[in-house]
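K.L.:
Okay, here's the structure, questions in a sec.
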Amino acid sequence: MKAWFIAAVVAFLGLSPVAAQVEPAEDALTFVQAGRLLADPATGRVSTEQTVVIQNGRVLRIENGYVGEGQGRVVDLRDSFVLPGLIDSHVHLLGQQGPTNRVDAVTMTRSAQALEGAYYAGRTLEAGFTTVANLGANSEAIFALRDAVARGRVPGPRILTSGATISPHGGHGDSHGYRPEVLEVLRSEGVCSGADDCRRAVREQIRLGADLIKITATGGVLSNTAAGLGQQFSDEELGAIVDAAHRMGRRVTAHAHGADGIDSFLRAGGDSIEHGTYLDADGIRMMRQSGAWLIPTLLAGDFVARIASGPNNFFTPAQTTKALEAGPLMLDMCRRAHDAGVRIAFGTDSGVSAHGDNAQEFALLVQCGLTPLEAIQAATVGAADHLQIAAEAGALRSGYPADLIAVRGDPLSDVTVLERVGFVMRAGRIYRGW
């Protein structure tokens, strides 16, 4: 890619100037010299004085000692702690919560949403997240952004996306709070009623290019309706959704707060739970038995509780009531799930909280009982397993994409150092550096 074009895109998106540098030829070698290296978080083993050798955007090998002088580009991270690029299993790149959200919904075009997404993708990448799962968005805009990033046209993390969220008519994923004719225009293509219609909605998102399916099994905090946080799809609809997705090779993850919706979704064979606020003993038991993943999104709970109780609350009354109810409960839920051995993957629901602040989730995971290593595993090998990309993400191994980050300090002692990532490489290209 031409250097002038990269520089222009970087300036537009607000990325670090290091991203504008001219990269070496594709077949040239890059040697990343790491003072401390956590190549495979599953092992927890930190090696010292290592060199990650990279070619064509992928890890070629890892060598003992500092090598590479005179053999190719050398990246000196000898004073740093190097680890795989982080994975956020739950983001919404096309927007961000704020006082203008209700107006933005009726003024922003899909093209404008895609460009907003490009900006937020850049911020997310600079924060050290080299892979994300975007769960719920306008299909046209998010698929365009995903594909542009994959082609190298826009700086950003690798994006997996569900496209539009599958939601019941009048439910959390539907439109609310506008005149009837406006509601019809804003209604998502993922809204459905009845088992057959919900099968259709799932198949349609897969036809459009969805990597996974995301549904709203229960009510949600930020929908502008006083419809509670309990189950909204019927058991028959949940079964049809999961069956249709699995038959077409897609996993299904559920936005779910209420225990009734969580349990019904798990009984239907669902693969993972987003939020899980009222997760009960039955839900924990089913998650243990099936191996379903929990993505607790603690940062979202913390954010909505702070906004709803603060002097500058921009939520509607319906949103405020639910935020004050659900937000403070999520840490305890996460603690109970972790103590019971439920598998936890890292996800923030960023777009609720600010893009680029994703790493603040780590400290909250530690508050709910995870060790710093377990929190890092949740954002690397755990999230890769959850998203079924473990053969190419979550670790630094021969043949894997060269997605890595570096910090100063020891995240195994103080996980908050991951909030200050100083170096980011994705697929062998440097996007941030000291």
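K.L.:
Counting just the residues of segment 307-348 that are among the basic types (Lys, Arg) and modelled with pLDDT of 95 or more, which one comes out nearest to residue 270 (Cα to Cα)?
P.N.:
So the residue we want is 343.
K.L.:
Output the residue which, of all residues in segment 254-272 that are touching a helix residue (DSSP H, G or I) at 6+ places or on another chain (Cβ under 8 Å), small (Gly, Ala, Ser) and part of a helix (DSSP H, G or I), is surrounded by the most Cβ atoms within 10 Å (Cβ to Cβ).
P.N.:
264
K.L.:
Which fully enclosed helices (runs of 4 or more DSSP H) of segment 123-213 have 2 or more residues being basic (Lys, Arg)?
P.N.:
195-208
K.L.:
Sticking with this one: Checking residue 193 against (1) crowded, with 22+ Cβ neighbours inside 10 Å; (2) free of Cβ contacts under 8 Å to residues at least 60 places away in the same chain, only one condition comes out false. Which one?
P.N.:
It fails just one condition, (1).
For (1) among the aliphatic types (A, V, I, L, M); (2) surrounded by 24 or more Cβ atoms within 10 Å (Cβ to Cβ); (3) not assigned by TED's automatic domain parsing to the domain that holds residue 352, each residue gets a yes or a no:
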| site | (1), (2), (3) |
| --- | --- |
| 238 | yes, yes, no |
| 252 | yes, yes, no |
| 277 | no, yes, no |
| 280 | no, no, no |
| 283 | no, yes, no |
| 293 | no, yes, no |
| 297 | no, yes, no |
| 304 | yes, yes, no |
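K.L.:
Out of 46, 32, 82, 74, which single residue is over 30 Å from residue 251 (Cβ atoms), touching a Phe, Trp or Tyr at 6+ places or on another chain (Cβ under 6 Å) and modelled with pLDDT of 95 or more?
P.N.:
74
K.L.:
Right, next: Can you work out which of the residues in segment 273-290 that are charged (D, E, K, R) and in a helix (DSSP H, G or I) is farthest from residue 228 (Cα to Cα)?
P.N.:
Among those residues, the one meeting the criterion is 288.
K.L.:
Would you pick out the residues in segment 214-233 that are outside any loop (DSSP other than H, G, I, E, B) and of a type in the set (Val, Ile, Thr)?
P.N.:
Those that are outside any loop (DSSP other than H, G, I, E, B) and of a type in the set (Val, Ile, Thr): 215, 216, 218.
K.L.:
If you go through segment 3-23 one residue at a time, do you hit one that is at pLDDT 95 or above and either under 30 Å from residue 312 (Cβ atoms) or in a strand (DSSP E or B) (or both)?
P.N.:
Within segment 3-23, none of the residues are at pLDDT 95 or above and either under 30 Å from residue 312 (Cβ atoms) or in a strand (DSSP E or B) (or both).
K.L.:
I need every pair where a residue in segment 50-64 that is outside any strand (DSSP E or B) has its Cβ under 7 Å from the Cβ of a residue that is of a type in the set (A, V, I, L, M) and buried (at least 22 other Cβ atoms within 10 Å of the Cβ), sequence separation at least 6 or different chains.
P.N.:
As it stands, the answer is 57/402, since those pairs meet every condition given.
K.L.:
If you don't mind, another one. Does segment 79-91 contain any residue that is out of contact with any helix residue (DSSP H, G or I) (no Cβ under 7 Å at 6 or more places or on another chain) and surrounded by fewer than 19 Cβ atoms within 10 Å (Cβ to Cβ)?
P.N.:
yes
K.L.:
Please enumerate the residues belonging to segment 174-204 that are within 12 Å of residue 139 (Cα to Cα) and touching a Ser or Thr at 6+ places or on another chain (Cβ under 7 Å).
P.N.:
188, 189, 190
K.L.:
Against the definition (basic (Lys, Arg), outside the structural domain of residue 301 (by TED's automatic domain parsing) and more than 26 Å from the chain's Cα centre (by Cα)), how does residue 73 come out, yes or no?
P.N.:
Yes: the conditions hold for residue 73.
K.L.:
Let me ask something else about it. Of all the residues that make up segment 91-107, how many are of a type in the set (S, T, N, Q) and in contact (Cβ under 8 Å) with a residue 40 or more places away in the chain?
P.N.:
3
K.L.:
Considering every residue within segment 166-177, establish whether at least one is modelled with pLDDT of 95 or more and either over 23 Å from residue 102 (Cα atoms) or among the hydroxyl-bearing types (Ser, Thr, Tyr) (or both).
P.N.:
Scanning segment 166-177 turns up at least one residue that is modelled with pLDDT of 95 or more and either over 23 Å from residue 102 (Cα atoms) or among the hydroxyl-bearing types (Ser, Thr, Tyr) (or both).
K.L.:
Okay, next question. If you scan segment 176-190, which residues turn out to be surrounded by fewer than 13 Cβ atoms within 10 Å (Cβ to Cβ) and under 13 Å from residue 105 (Cβ atoms)?
P.N.:
Passing the criteria: 179, 185.
K.L.:
Can you name the condition, by its number, that residue 171 falls short on among (1) in contact (Cβ under 8 Å) with a residue 24 or more places away in the chain; (2) under 30 Å from residue 390 (Cβ atoms); (3) not aromatic (Phe, Trp, Tyr)?
P.N.:
(2)
K.L.:
Can you name the residue in segment 346-387 that is outside any loop (DSSP other than H, G, I, E, B) and polar (S, T, N, Q) and, of all such residues, is surrounded by the fewest Cβ atoms within 10 Å (Cβ to Cβ)?
P.N.:
367
K.L.:
Right, here's the next one. Only one of (1) out of contact with any strand residue (DSSP E or B) (no Cβ under 7 Å at 6 or more places or on another chain); (2) touching a residue at least 24 places away in the same chain (Cβ under 8 Å); (3) charged (D, E, K, R) is not met by residue 250, so which one is it?
P.N.:
For residue 250, the failing item is (1).
K.L.:
In addition: Taking strands (runs of 3 or more DSSP E) that fall entirely within segment 389-434, which contain at least 3 residues that are under 20 Å from residue 159 (Cβ atoms)?
P.N.:
Ranges flagged: 423-426, 429-432.
K.L.:
For residue 396, are the conditions met, namely being within 14 Å of the chain's Cα centre (by Cα) and buried (at least 17 other Cβ atoms within 10 Å of the Cβ)?
P.N.:
No.
K.L.:
Sticking with this one: Could you identify the single residue in 114, 105 that is farther than 20 Å from residue 356 by Cβ and not assigned by TED's automatic domain parsing to the domain that holds residue 49?
P.N.:
105
The values are calculated or read from the model by the stated rules, or taken from the named source; none is laboratory data. Just so you know, these numbers come straight off a predicted model, no measurement behind them. Positions of Cβ are backbone-derived with ideal geometry, glycine not excepted, and every protein chain shown enters the neighbour counts.
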